[in-house]
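In what follows, a single structure is set out as structure tokens and then discussed.
Nothing in this text is a laboratory measurement; each read-out follows from the coordinates by a stated rule. Computed from a predicted structure; not experimentally measured. Neighbour counts are summed over all protein chains in view; Cβ atoms, including those assigned to glycine, are modelled from backbone coordinates with ideal geometry.
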Amino acid sequence: MTGTTAPGRGPLAGVRVVELAGIGPGPFAAMLLADLGADVVRVDRPGDPVIAVPARYDVTNRNKRSVVVDLKTPEGAARVRELAARADVLIEGLRPGVAERLGVGPADCHALRPALVYGRMTGWGQEGPLAPTAGHDIGFVAVTGALGMIGAGDGPPAVPANLLGDYAGGSLYLVVGILAALHHARATGTGQVVDAAIVDGTAHLTAIMHGMLAAGAWQDRRGVNLLDGGCPYYGTYETADGRYMTVGALEPRFYAEFARLLDLGDESAAQRDDPARWDDLRAAVGARFLTRTRDEWTAVFDGSDACVAPVLSLLEAPDHPHLAARGTFVEHDGITQPAPAPRFSATPAAVRSGPVLPGADTAAVARDWDVPGLVADGAPAR
């Protein structure tokens, strides 16, 4: 189940992971483990693969291998249990009770592999009144209070794509839980279930705001606080070409540099320290940014400590000089995509293979994991 770390394959080389196919936060969590070197085998469904985009473009399935198994048959469930018996980790994102009904729940798998870390990824969690109901990222972040903090005070909450719930509150917390449980399993030989609910993780992300609320340093409404756009020196501003710049000049010395480069004048220092005058300061800052284009302002602030940066699109981001110098984005098989993160000095990770096609690795996994009963129930998707 485990082995020595292979050079260039990441710190999790030798760790075996079974991923029951899904979409969203479960696959992303499995991708992160695969990026870090784990041998992730995705169990895809026959006939109608679970994919959000055409398989060859689904970057969340990079660095993985795939087998096709029909979990709705006794034989298919038996194959998954065989894989689990040889794995360190299993990830599933089914509704509560479904894995048990299929015969691949925690008890079924732990009977064969007591040290298995069984990771469960859901929105509402495994228990509670909403646990059996459907939902999506936007609803999960809404009930935690996180969504209500985002956006202008005179408009509706701004939807942060599905980054905040699915991936920050969901995938990343699942991976943290898996790694912690894996550490415990290796120390004790005892596996466990990791219940990663998006509502729990997203609520956890708001910890600092709850502390500020208790201290009277945060108002329970958006658009009026230091970090939610209410502060004129922490927000976004439109430029002459209809694009945007961000300002995060919170500390006095950074603000002084910002005011100097923006040519705000002597009055801005007094406005900064008086929230009653923030509207005037915001108007002055906005007027100045409208006098030049985004790229012109980027050049003005380049290399300074003013804490100002341009708002880039997904297509623009890979060409940002700093990100390009660090190799934050890579191209693999014609797809520009984020490189694995974080970085390791002794066991670097890499994009080793592109998005896996469902069923493409059945024979290889059957051999490598010693599960000869695996069979491909359908041709790989294209």
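Under the Karplus relation 6.51 cos²θ - 1.76 cosθ + 1.60, θ = phi - 60°, what is the ordered set of whole-Hz ³J(HN,Hα) values for region 69-82, x standing for Gly and Pro?
Computed from phi, the couplings for region 69-82 are 9, 8, 5, 7, 10, x, 5, x, 4, 5, 4, 5, 5, 5 Hz.
Report D for the chain in µm² per second (integer): Stokes-Einstein, Kirkwood Rh on Cα pairs, 37 °C, 0.692 mPa s. Write out the running numbers ahead of the final one.
Numbers: Rh = 23.3 Å.
In µm²/s, the coefficient is 141.
Please list 300-313, 171-184 highest first by mean number of surrounding beta-carbon atoms within 10 Å per residue. Walk me through the numbers before you get to the answer.
Numbers: 300-313: 15.3, 171-184: 20.1.
Ranking, from highest mean packing down: 171-184, 300-313.
In 10 Å bins starting at zero, report the fraction of Cα pairs in region 244-310 per bin as a rounded %.
21, 59, 19, 0
Calculate how many DSSP beta bridges within the chain are antiparallel, expressed in % of all such bridges and rounded to the nearest 5.
Working: 12 of 35 bridges.
Rounded to the nearest five, the antiparallel share is 35 percent.
So if I take the alpha carbon set of region 29-170, get Rg, then get Rh from the Kirkwood formula, what is the Rg over Rh ratio? Let's see the in-between values first.
Working: Rg = 17.4 Å, Rh = 17.1 Å.
Taking Rh as the inverse mean 1/r over Cα pairs, Rg/Rh reads 1.02.
Spelling out what I want: for every residue of region 91-103, take phi, set θ = phi - 60°, compute 6.51 cos²θ - 1.76 cosθ + 1.60 (Karplus), and round to whole Hz; glycine and proline get x.
Listing the rounded values in order: 10, 9, x, 7, 5, x, x, 5, 4, 4, 5, 7, x Hz.
Between region 218-244 and region 296-358, how far is it from one alpha carbon centroid to the other, in angstrom?
That distance is 25 Å.
What's the ranking of 24-35, 328-339, 217-228 by average number of surrounding C-beta atoms within 10 Å, highest first?
Numbers: 24-35: 26.4, 328-339: 13.9, 217-228: 15.7.
Output ranking for 24-35, 328-339, 217-228: 24-35, 217-228, 328-339.
Please sort by residue number the trypsin sites (Lys or Arg not before Pro) in region 37-87 whose DSSP state is loop and whose Cβ has at most 14 other Cβ atoms within 10 Å. If you can, show how the numbers build up before the last one.
On the way: sites: Arg42, Arg56, Arg62, Lys64, Arg65, Lys72, Arg79, Arg81, Arg86; in loops: Arg62, Lys72, Arg86.
Those that pass, being in a loop and sparsely packed, are Lys72.
What whole-number distance in Å separates the alpha-carbon centres of region 174-189 and region 85-103?
17
Assign unit charges at the C-beta atoms only (+1 for Lys and Arg, -1 for Asp and Glu), then state the dipole size of region 244-310 relative to its Cα centre in Debye, rounded to the nearest 20. Each step should come with its number before you reach the end.
Values: 8 positive and 13 negative charges, 31 e Å.
It comes to approximately 160 debye.
Kindly rank 140-148, 340-348 from highest to lowest mean number of other beta carbons found within 10 Å of each residue. Intermediate results must be reported in sequence, preceding the final value.
Values: 140-148: 20.9, 340-348: 11.6.
With the highest mean Cβ count within 10 Å placed first, the list reads 140-148, 340-348.
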